[in-house]
1. Select from the stretch 131-215 those GluC sites (Glu not before Pro) which occupy a DSSP coil region and have at most 16 other Cβ atoms within 10 Å, ordered by residue number.
2. Taking the stretch 84-123, how much of its Cα-Cα pair set, in percent, is spaced more than 14 angstrom apart?
3. On the full set of protein chains, 1.4 Å probe, figure out the accessible area of R266 and give it in Å² to the nearest 10.
4. When the Kirkwood radius is taken over all Cα pairs of the stretch 32-120, what Stokes-Einstein diffusion coefficient follows at 4 °C and 1.567 mPa s, in µm²/s?
5. Modelling each spin label as a point 7 Å along the Cα-to-Cβ direction, I'd like the A10/D50 distance in nm, to one decimal.
6. If the label point is 7 Å along Cα→Cβ of H58, which residues in the stretch 151-168 have backbone nitrogen under 20 Å from it?
7. Carbon and sulfur atoms: what percent of the 1.4 Å accessible area of the chain do they account for?
8. Give me the accessible area per residue for the chain, probe 1.4 Å, as a whole number in Å².
Amino acid sequence: MVTLVVATSADPASIGPASSLLAMPGWHPGPSLQDAASYTNKEVRLIKLDKRLVVENHLDKRWEEATGETVDDVVFLSKHVASSNRPALTIHPIGTPHLREGEALTAGGKPGWAAPPNPRIGPWFRLLKNIANSHNLVPEFEVTLEATHHGPEINSPTMFVEIGSTEEYWKRQDAAQAIALLVWEGLGLGERIAVGNWSRDNDRNKILLGIGGGHYVPRHMDIVRKDGVWIGHMLPGYSLLMEDPREAKSPTNSTVVGGTWRETIRVAFETTKLAFPGGEVLAHLDNKLVNLYITLTFHIC
């Protein structure tokens with residue numbers, strides 16, 4: 001079982017941390033993947049691509065077919081873009097479960113789909129905060145979780161680790177080194193034990209499924225800051241699309257709230273449960289509208 005760490009030369013916030021990581025000891029050339037170079041270190045495989053990461057679909061399956069190695073989980077290194085332009089270090093799961101067939105996929109994925117969330121997300125968020133503080137990146141950089149969004153389509157437990165939010169910060173060497181250290185320590189490549197190993201550390205077997213709130217999930221993040229908390233998908237309010245039954249074109253079942261919200265929660269719940277075998281998934285709510293309909297939702301889960 002191997003962990004894939006994926007970077008691309010098309011993104012300075014991706015190749016920067018990858019280069020810093022490869023400067024650490026223990027790396028050796030690995031097998032090529034469709035002309036992409038790879039490097040091995042213990043059970044970690046770092047792959048350097050040259051395309052946008054959100055279009056690199058089924059990378060886990062492609063690696064398994066090329067090498068015969070089973071992929072346990074995937075970590076993508078990427079830039080973060082925000083209208084605020086605020087410097088940030090972010091972590092998030094991926095998926096586009098709220099989209100319908102035929103809707104535009106501007107950042108990869110597939111309608112009605114989400115990847116299993118990487119169980120390392122919660123523990124790595126706490127580790128990243130510690131690293132950022134110790135390297136004097138805070139308060140200049142905000143360390144934050146993000147809600148589930150974008151592709152690429154993949155079936156293994158996955159997360160994105162990002163540097164934001166403008167080219168100035170994407171190229172910051174101190175930020176790149178912090179992300180490299182996160183991966184180094186998080187995957188146990190140094191002398192310390194790996195961080196966020198669900199199969200080893202699941203004595204507290206409850207996992208949060210964040211429902212509602214904004215893109216930077218502040219209320220869910222308040223819980224995840226606490227030691228021992230595991231987090232799966234985080235669905236922002238904008239992804240819980242509801243249609244007022246009073247505005248429905250057909251009078252049939254006029255009291256039923258339409259939209260993709262129900263299927264979005266179902267997909268997030270099922271893939272979170274898949275990522276944490278044996279765990280109990282608990283909903284953490286941040287939205288009055290969600291509270292109104294959550295009972296209906298969990299009947300379908």
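1. Numbers: sites: E140, E142, E146, E153, E162, E167, E168, E185, E191; in loops: E140, E146, E153, E191.
Of the GluC sites (Glu not before Pro), the ones in loops of the stretch 131-215 whose Cβ has at most 16 other Cβ atoms within 10 Å are E140, E191.
2. On the way: 446 of 780 pairs.
Result: 57 percent of Cα pairs exceed 14 Å.
3. It works out to around 70 Å².
4. Numbers: Rh = 15.2 Å.
The calculation lands on 85 µm²/s.
5. So the label points at A10 and D50 sit 1.2 nm apart.
6. The answer is 151-159, whose backbone nitrogens lie closer than 20 Å to the label point.
7. Numbers: 6780 of 13520 Å².
C and S atoms contribute 50 percent here.
8. Working: 13520 Å² over 301 residues.
For the chain, the per-residue accessible area is 45 Å².
The values are calculated or read from the model by the stated rules, or taken from the named source; none is laboratory data. Only a predicted model underlies this, so the values are computations on that prediction, with no experimental measurement involved. Quick reminder, even Gly has a Cβ in these numbers, built from the backbone with ideal geometry, and neighbours come from all protein chains shown. What goes into the accessible areas is simple: the full protein's heavy atoms, side chains included, and nothing from ligands, DNA or RNA. Shrake-Rupley method; radii C 1.70, N 1.55, O 1.52, S 1.80 Å.
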